[in-house]
Amino acid sequence: MNIKASKAGSFVVFSLDGKLDSTTSGKLTEYLDKAISNGDVWIILDMEKVPFVSSAGIGAIMKALSDTSGASGDLRILKIQSDVKKVFSLVGFDTALKFFDNLERAIA
């Protein structure tokens, strides 16, 4: 998994590229934990290039959602593939997360 960070308004945008599974979720958690500990609690995950998410990946995202919410921030999902979004729906987390198709709406 490749992860690139950029800024968009008050948000840090992490662009993910590759599978998010037990092998790669730790790397994402490290990036997210570091951002949150630095005070960056408004986070967007650009998942356009993520073809697969396992339970470990979902766990990493839900932990970050809890951490950002607990620090009066938010975590938003950008450009998620439909098959990946179905995984979130199947486990009931689609209602806890905010999904967006474009960056302008995600940062609004």
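Just to be sure I understand, how many residues within segment 48-69 are among the acidic types (Asp, Glu) and closer than 19 Å to residue 33 by Cα? Write out each step before concluding.
Our first condition is that a residue be among the acidic types (Asp, Glu); within segment 48-69, this holds for 48, 67.
Right, trim to closer than 19 Å to residue 33 by Cα and you get 67.
Adding up the residues that qualify gives 1.
As an exercise: evaluate residue 94 against (1) among the acidic types (Asp, Glu); (2) at pLDDT 95 or above; (3) more than 11 Å from the chain's Cα centre (by Cα) and give the number of the one condition it does not meet.
The failed condition is (2).
I'd like the full set of residues that are part of a helix (DSSP H, G or I), touching a Phe, Trp or Tyr at 6+ places or on another chain (Cβ under 9 Å) and either closer than 18 Å to residue 97 by Cα or not aliphatic (A, V, I, L, M) (or both), limited to segment 19-45.
28, 31, 32
How about segment 19-59: which of its residues are in contact with a strand residue (DSSP E or B) (Cβ under 6 Å, 6 or more places away or on another chain) and of a type outside the set (Asp, Glu)?
20, 31, 35, 42, 43, 44, 45, 47, 49, 50, 53, 57 - these are the residues of segment 19-59 that are in contact with a strand residue (DSSP E or B) (Cβ under 6 Å, 6 or more places away or on another chain) and of a type outside the set (Asp, Glu).
Scan segment 20-41 and report the pairs whose first residue is within 21 Å of residue 9 (Cβ to Cβ) and whose second residue is among the polar types (S, T, N, Q), with Cβ atoms within less than 7 Å and a gap of 6+ or a chain change.
Between residues of segment 20-41 that are within 21 Å of residue 9 (Cβ to Cβ) and residues that are among the polar types (S, T, N, Q), the close pairs are 36/68; 41/68; 41/72.
Taking segment 21-47 only, how many residues are closer than 25 Å to residue 104 by Cα, surrounded by 15 or more Cβ atoms within 10 Å (Cβ to Cβ) and not β-branched (Val, Ile, Thr)?
Number satisfying all stated conditions: 9.
Can you tell me which residue is farthest from residue 85 (Cα to Cα) among those in segment 1-20 that are surrounded by fewer than 18 Cβ atoms within 10 Å (Cβ to Cβ) and polar (S, T, N, Q)?
10
Given the criteria among the acidic types (Asp, Glu), closer than 17 Å to residue 4 by Cβ and under 11 Å from the mean Cα position of the chain (by Cα), does residue 46 qualify?
Judged against the criteria, residue 46 is a match.
Evaluate the following for residue 17: is it farther than 17 Å from residue 107 by Cβ and not polar (S, T, N, Q)?
yes
Condition first: touching a Leu at 6+ places or on another chain (Cβ under 7 Å), buried (at least 20 other Cβ atoms within 10 Å of the Cβ) and not hydrophobic (A, V, I, L, M, F, W, C). Now tell me which residues in segment 48-79 satisfy that.
Correct list: 57, 68.
Within segment 46-98, track down each residue that is in contact with a helix residue (DSSP H, G or I) (Cβ under 7 Å, 6 or more places away or on another chain), within 21 Å of residue 10 (Cα to Cα) and assigned to a strand (DSSP E or B).
47, 74, 75, 76, 78
The values are calculated or read from the model by the stated rules, or taken from the named source; none is laboratory data. Everything numeric in this text was worked out from a predicted model, so none of it was measured. Quick reminder, even Gly has a Cβ in these numbers, built from the backbone with ideal geometry, and neighbours come from all protein chains shown.
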